[in-house]
């Protein structure tokens with residue numbers, strides 16, 4: 001039994017192979033689109049968190065971190081808290097976190113432990129310090145206040161532990177668990193589930209350059225996601241178009257249309273000259289004789 005052109009094309013090895021390739025490419029595009037959309041959702045959640053917490057009124061530390069070893073809840077990041085106490089001004093307490101950028105320039109974060117009156121200690125990033133000419137040490141770091149002060153800080157989650165050899169007086173990341181062992185005794189319980197980013201000190205004094213407000217732009221991730229999903233639709237559409245053309249071509253080859261009879265509208269040519277008979281030739285000969 002002869003199969004129809006559509007079945008012959010659809011069940012051909014070439015068509016099925018291209019279908020498999022199309023499905024793979026479309027699947028990859030869908031996954032890349034989902035990945036970009038996930039990044040867009042992360043950026044949007046971050047922007048919403050900053051918008052709701054960054055400029056909020058300060059709260060007590062215990063309402064966010066009830067114990068020194070409590071972890072900072074993800075939805076509490078950037079929450080301002082107020083502490084009263086004093087910084088550790090021992091030279092071994094002041095650290096500078098390496099490779100921190102500000103407006104495209106590489107420098108350091110000034111980091112110092114702050115001992116609060118409630119008996120806890122919190123690592124505080126006081127601001128950004130540029131690097132010196134050779135880029136090995138901070139340039140002209142601001143002094144840490146020695147007196148009792150009231151500080152307002154925004155809570156941030158600890159950074160990952162980086163197992164690298166650190167230069168003297170410097171650190172690679174703000175990790176309380178990693179930094180606490182290298183500090184002098186503080187006679188206070190170190191808060192290990194968060195660190196603070198300084199907003200204000202009272203009384204105000206000299207400090208490094210304040211860290212800028214976090215970027216809340218959503219970036220191009222949503223448009224990238226849409227582009228990948230459009231690509232995912234393009235491949236099946238191209239496969240369908242190609243397959244339909246093949247079916248149409250095969251039908252034309254299998255059942256060609258009969259050629260219609262053409263009507264010749266050109267004027268007929270002049271009638272062919274009739275062949276002269278024997279009698280007509282004799283009459284012509286007699287006429288010629290009389291003429292002579």
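Relative contact order, whole percent, for the chain stands at 24, derived from Cα pairs under 8 Å and 6 or more residues apart. A Cα-only calculation for region 57-202 places Rg and Dmax at 14.5, 44 Å. Two numbers describe the Cα atoms of region 1-118: Rg and Dmax, which are 28.7, 95 Å. What would the Debye equation give as log₁₀ I(q)/I(0) for the chain at q = 0.14, 0.16 Å⁻¹, counting only Cα atoms as equal point scatterers? Debye intensities relative to I(0), on a log10 scale: -1.06, -1.24.
Between helix 13-53 and the chain there is an angle of about 30 degrees, using the helix long axis and the longest principal axis of the Cα atoms.
Angle check, please: helix 221-254 long axis (alpha carbons) against the longest principal axis of the chain (alpha carbons), in degrees 0 to 90, nearest 10. Result, in degrees: 20. Entry note, region 57-202: relative contact order of 31 percent, from Cα contacts under 8 Å with a spacing of 6+ residues.
Taken together, the values in this text are just the output of simple stated rules run on the coordinates, not laboratory data. Source: prediction; values computed, not measured.
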